[in-house]
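Enquirer: Structure incoming, see below.
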Amino acid sequence: MKRYLVFALVGPFVGGFLLLLTTTYQSGYWAQTSLGEVGKLFAVFFKTLQYSYLFGLLPALMIGAVDDILVHIRRVGPGLRMLLVGLCAFVLASLTYSSRGPDSGAVQFILYGLVGFVPAVISSWLVHRYVKEPQAVAAPT
């Protein structure tokens, strides 16, 4: 249960911030913005944080379920589990957020993939570090 709580708290917060950074980069905001306007970015982030949790809670819990499934496989260690969870979140976020039109490309695919990868790896690492994990059960022979 603690595993899902960590994913539910960390995932939408970090993912929402990264999604905001990605969309502002894609729109060209950083090309014509001074450092003094970065405060506006954080203001927008905190005003839209409720929507990050509204729309990011279910995907974060789904990635937490993938992490929970992988923790019960004996051959998958913590490092490999973090990587697999991150890759799963990368693919799902890329397919969810990136477009497939003429403006799509590798940069867009990677940026939107990182929106899923980074929160998933951070959450999986926090779970590994601070939540007691169950012992993996050997398969019957």
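Read the figures in this text as sums done on the coordinates, not as results from a lab. Predicted model only: the values in this text are computed from it and were never measured. Neighbour counts run over all protein chains shown; Cβ positions are idealised from the backbone, glycine included.
Enquirer: If the cut-off is a Cα-Cα distance under 30 Å, which lysines reach LYS132, setting aside same-chain residues fewer than 8 apart in sequence?
Expert: Within reach: LYS2.
Enquirer: Calculate for the chain the 222 nm mean residue ellipticity that helices alone would give, adding -39,500 (n - 2.57) per DSSP H run of length 4 or more and normalising by residue count, nearest 500 deg cm²/dmol.
Expert: Counting only the DSSP helices, I get -25500 deg cm²/dmol.
Enquirer: Span-like helices, the chain: DSSP H, alpha-carbon axial extent 18 Å or more, mean Kyte-Doolittle 1.0 or greater, which ones?
Expert: On the way: long enough: 2-27 (37 Å, 0.98); 49-71 (30 Å, 1.40); 78-97 (28 Å, 1.61); 106-130 (35 Å, 1.28).
Once both thresholds are applied, what remains is 49-71, 78-97, 106-130.
Enquirer: What is the sum of charges around GLY77, taking Lys and Arg as +1, Asp and Glu as -1, for the other residues whose C-beta is under 15 Å from the C-beta of GLY77? Display every interim value, and only then the final one.
Expert: Values: positive: ARG74, ARG75, ARG81, ARG129; negative: ASP67, GLU133.
Once all neighbours under 15 Å are counted, the net charge is +2.
Enquirer: If packing is taken as the average number of other Cβ atoms within 10 Å across a peptide's residues, how do 66-79, 34-47, 3-16, 120-133 rank, most packed first? Present the calculation step by step, with values, prior to reporting the outcome.
Expert: Working: 66-79: 15.1, 34-47: 10.4, 3-16: 20.9, 120-133: 18.1.
Ranking the peptides 66-79, 34-47, 3-16, 120-133 by packing returns 3-16, 120-133, 66-79, 34-47.
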